[in-house]
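Visitor: First the structure, then my questions, so here it is.
The values are calculated or read from the model by the stated rules, or taken from the named source; none is laboratory data. The structure displayed is predicted, hence computed values, not measured ones. We place every Cβ from the backbone using ideal geometry, glycine too, and count neighbours over all the protein chains shown. When the accessible area is computed, the model is the full protein with side chains, heavy atoms only, and any ligands, DNA or RNA have been set aside. Shrake-Rupley method; radii C 1.70, N 1.55, O 1.52, S 1.80 Å.
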Amino acid sequence: MTDRDMPTALDLPMVDPLPPETQKYFDICVEKLGMVPNVLKANAFDIDKLNAFTGMYNDLMLADSGLSKLEREMIAVVVSSINRCFYCLVAHGAAVRQLSGDPKLGEMLVMNYRVAPLDDRQRAMLDFAAKMTTASAEIEEPDRQRLRDAGFTDRDIWDIANVAGFFNMSNRVASATAMVPNDEYHAQFR
């Protein structure tokens, strides 16, 4: 790999050859996404770390939840916007554009979610995720109650908190390692 091909600024090459189950997972990514996301390549220097990352990601973002996939991606973008995580803004901004069918929504969430035409449920969810990102120790019962009043269950609140927490962690790792988003994301769903 050339420096330009490295998913991060760290010299941590992928295991070669990849274990068969990892190669199959990467092949599915290419089939469904047209690429292997660089975040997966970045973690592939240690297959146990890659499996832990993908297990948590898939559970939070794809498993059954009272939150739609779009809502979870919206949280990812808002948290990443506050943290100024280039990788996640590009990758999850594309997902918001895809799932919503609205390129403007993706851009609004990237720049400032407060300008987006959100319903009360989405506004409460994103306000909570934003507060969790900037001042998690200040979250109190009225913050959770606002989510309940907007129609979220306590299980949904758990999911909102976990998605926001996951992206706060992954934003920091992506920024600290200069993780580069795949070029393909930039033009998707515009």
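Visitor: Given segment 38-130, what helices (runs of 4 or more DSSP H) lie entirely inside it while holding 1 or more residues that are touching a residue at least 40 places away in the same chain (Cβ under 8 Å) and in contact with a strand residue (DSSP E or B) (Cβ under 8 Å, 6 or more places away or on another chain)?
Guide: In segment 38-130, there are no helices (runs of 4 or more DSSP H) which contain 1 or more residues that are touching a residue at least 40 places away in the same chain (Cβ under 8 Å) and in contact with a strand residue (DSSP E or B) (Cβ under 8 Å, 6 or more places away or on another chain).
Visitor: Going by the conditions given, is Met14 modelled with pLDDT of 95 or more, farther than 30 Å from Ala150 by Cβ and over 21 Å from the mean Cα position of the chain (by Cα)? Give the derivation first.
Guide: Values: modelled with pLDDT of 95 or more: yes; farther than 30 Å from Ala150 by Cβ: yes; over 21 Å from the mean Cα position of the chain (by Cα): yes.
Yes.
Visitor: Residues of segment 101-126 being open to solvent by 40 Å² or more (accessible area, probe 1.4 Å) and of a type outside the set (A, V, I, L, M), which ones?
Guide: Hits for segment 101-126 are Gly101, Asp102, Pro103, Lys104, Glu107, Asn112, Arg114, Pro117, Asp119, Asp120, Arg121, Arg123.
Visitor: Further question on the same structure: Filter segment 17-43 down to residues that are of a type in the set (A, V, I, L, M, F, W, C) and either farther than 18 Å from Met169 by Cα or modelled with pLDDT under 95 (or both) and give me whichever is farthest from the chain's Cα centre (by Cα).
Guide: Looking at residues that are of a type in the set (A, V, I, L, M, F, W, C) and either farther than 18 Å from Met169 by Cα or modelled with pLDDT under 95 (or both), I get Leu18.
Visitor: Let me ask something else. Report the residue count in segment 1-32 for those that are open to solvent by 90 Å² or more (accessible area, probe 1.4 Å) and assigned to a helix (DSSP H, G or I).
Guide: 7
Visitor: Also: Residue under question is Val115, and the condition is that it be of a type in the set (Val, Ile, Thr), modelled with pLDDT of 95 or more and closer than 30 Å to Pro13 by Cα; does it hold?
Guide: Working: of a type in the set (Val, Ile, Thr): yes; modelled with pLDDT of 95 or more: yes; closer than 30 Å to Pro13 by Cα: no.
When the stated conditions are applied, Val115 does not pass them.
Visitor: Restricting to segment 92-117, count the residues that are touching a Leu at 6+ places or on another chain (Cβ under 7 Å) and within 24 Å of Ile157 (Cβ to Cβ).
Guide: Here the count works out to 5.
Visitor: Report, by residue number, each residue of segment 60-82 that is more than 12 Å from the chain's Cα centre (by Cα) and open to solvent by 10 Å² or more (accessible area, probe 1.4 Å).
Guide: Ala63, Asp64, Ser65, Gly66, Ser68, Ile82
Visitor: When you scan segment 140-158, do you find a residue that is surrounded by 13 or more Cβ atoms within 10 Å (Cβ to Cβ) and within 30 Å of Met6 (Cβ to Cβ), even just one?
Guide: No, segment 140-158 has no match at all.
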